[in-house]
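Worksheet: one structure, shown below.
FYI, it's all coordinate maths here, none of it is from the lab. These figures come from a predicted structure and were not determined experimentally. Backbone-built Cβ (ideal geometry, glycine too); neighbour counts: all protein chains shown.
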Amino acid sequence: MDETRVDQAVVDEAGVITVDNLWRRYGGSGAGGFDAVRGAGFSVRRGELFALLGTNGAGKTSTLEVLEGLASPTRGRVRVLGHDPRRARRLVRPRIGIMLQGGGFPSGLTVAETLRTWAGTLSSPRPVTEALDLVGLRGRAGVYLRQLSGGELRRLDLAAAILGRPEVLFLDEPTTGLDPESRRATWRLVRGLLESGTTVLLTTHYLEEAETLADRLAIMHRGRIVRSGTPAEVAASQPSRISFALPADLREPVPDLPGTLAGAARPAANGGTVLTTSDLQQTLSALLEWANRRGVRLHHLNARSASLEEAFLAVAEEADRSGGGVSSDGVSDDTVSGDAAMGVAA
Amino acid sequence: MSPRPGTRGAVADGIRRIVALGRAEALLLRRNAVALLVALTTPAATMFMITSSSESGAVEGFDAAASAVTGLAAIALLAAVYYNLVTALVARREELVLKRLRAGEASDSEIVIGTALPAVAVAWAQIVLGSVAAYALFGTAAPVNVLPALAAVVLGTAVFVLLAALSTVVTRSVEMAQVTTMPVLIVPLALCGLFFPLDDLPGPLEQVARMLPLTPVVDLMRLGLTGTTTDGRTVELAGSFGEAAGPVLVLVAWVALGGWAARRWFQWEPRR
């Protein structure tokens, strides 16, 4: 019994979830095999929401399945609440809640029957009506699952995941297929769970969702973690952008401006110019000063701070260009294309 | 929020989970008219056929009640347990229900047993009710020893639950179950000794037939109900225990083999 006891303080120190050099391979070690997760590592602290972002096939769900104890790692080590989630399934499962990507309830049962069945398999379930209230399905309790909309099914999935009052909640794309209002309702519910001390690991395609909910996040691409930090930190890994169009008759290039990154100016798709800068205010001031002095009219002027979305898109772009060889140790500086043209587009 | 100890009440927890899953499965069975019809009527119809067949009467030694109950048990295991459970497990697998359940607290065997629960309950209820009816209607002598008969039903159920789990490995859809269940539905039934005496077969084939999963069920039923041994002698209560050892051993071997194979090959998710 004592072996299975894990010191709570030790867990909280190391993280409620820890992932260490995780590899997961499908289809054996031969040439036909495929490494879905290639050396991912991160940890989630008690009470925080950690978001895993990534394109389709980035390895998010493959990572989650190992943490949920549904699959074994090919290499590496994961711990959930201090235990191996697969070997110590009996100890871990009563304390975690899992929302899979979808499906998995018989279509011939009603909403209430489904949750009653699920509650019957749990150690300390909430009342079914409470769970229905939390996800806003109280009025649909007697409806057969085959008659529910995709969004309602997703909310039922969520109700099942939180039915056992989990300490750690895994949400795999919880708001996919939800209308904006239901999405916000789900966010409110997740925030409530966070306030009551639940630790949440969430995957999502929606950057807004990660930006709104996550204390920290990681961007996965091709099985690796290529960025991680708070949403602000990850966004700040990207340069800010200034875009504008110059009058067609202008024969003069934009001068080198302070703060712009090497090779920063490049032609935009609409024939305008895009500048990338590490210091938006300084570069923008200099640009406007130059334009005023020369009497140049800047059309479609747009200045934007870095966003999570840009960081996300840059990761995909840069990794594709370099064949997926992005270093896994976080933020790199040279995220802007090296083949960008200097100066003004003709 | 205190984590529960893993040992105290672990069995009770397991039973609670099995019952919860079984109740849901029973609701689904009740709402599936075709499955319910197959499960409920096949054994009764077959029992009628068997009791009215003079060939089987010759094999059974003309004890109509014993003959009916033996046939009923065999058919209930095949139709109500085996066939029903293959379709149920495949349907749940394809609907991702099994995958979902594996993400919960129930163990693998609890999931399979819970899913099998209504099918087994239907089969056992048929055997019990059928036995009462058969002995009330045309019972002559009381059963010699009910224990071999009980062992036949319990072990036979375990074997056919495991065979059902294994059959799902080659069954990609519920419709396909009509084809993939044929070998298990036909071969063991044809060669179980219910329709002709296995002594009629050439030696090696007879040996094979005695190793099939339904044959020991039929042998144990006959032994328990009429005291008829595998080689056609008649024994009393005292002699029936020793005679039961052989068939019981064959069934136990099937359970061990089936359990091992199911653990190894059973698929919890649809193949993509």
**Message:** Can you compute the radius of gyration and Dmax for segment A:1-115, using only the Cα atoms, both in Å?
**Reply:** 16.1, 48
**Request:** Send over the per residue convex hull volume for segment B:8-265, Cα only, as a whole number of Å³.
**Result:** 137
**Request:** Provide the net charge surrounding A:T129, with neighbours chosen by a C-beta distance below 13 Å and charges set as Lys +1, Arg +1, Asp -1, Glu -1.
**Result:** +2
**Item:** segment A:12-117: chymotrypsin sites (Phe, Trp or Tyr not before Pro) in DSSP loop, at most 10 other beta carbons within 10 Å
**Value:** none
**Request:** Using Cα centres only, tell me the gap between segment A:104-148 and segment B:194-272 in whole Å.
**Result:** 43
**Request:** Could you list the trypsin sites (Lys or Arg not before Pro) in segment A:271-311 that lie in coil according to DSSP, counting only those with at most 16 other Cβ atoms within 10 Å of their Cβ?
**Result:** A:R297
**Prompt:** Restricting attention to segment B:199-259, which trypsin sites (Lys or Arg not before Pro) occupy a DSSP loop and are surrounded by at most 16 other Cβ atoms within 10 Å?
**Reply:** B:R233
**Fill in**
Rounded to the nearest 5, the percent of antiparallel DSSP beta bridges in chain A equals 65
**Message:** What's the longest uninterrupted piece of chain B once you rule out the GluC sites (Glu not before Pro) that are loop residues per DSSP with at most 14 other Cβ within 10 Å?
**Reply:** B:1-174
**Request:** Work out the mean other chain Cβ neighbour count within 10 Å for the residues of B:14-26 and drop it here as an integer.
**Result:** 3
**Asked** If one computes the Cα centroid of segment A:54-90 and of segment A:167-233, what distance in Å separates the two points?
**Response** 18
**Prompt:** If you take every DSSP beta bridge whose two residues both sit in the protein assembly as shown, what share of them, in percent to the nearest 5, is antiparallel?
**Reply:** 65
**Normalised alpha carbon radius of gyration of segment A:142-196 [divisor 2.2 N^0.38 Å]** = 1.15
**Prompt:** Taking every eigenvalue of the Cα gyration tensor of chain A, multiplying by 5 and rooting it, what semi-axes result, largest first, whole Å?
**Reply:** 45, 24, 18
**Request:** Using only alpha carbons, build the gyration tensor for the protein assembly as shown and give me the equivalent ellipsoid semi-axes, biggest first, whole Å.
**Result:** 67, 23, 22
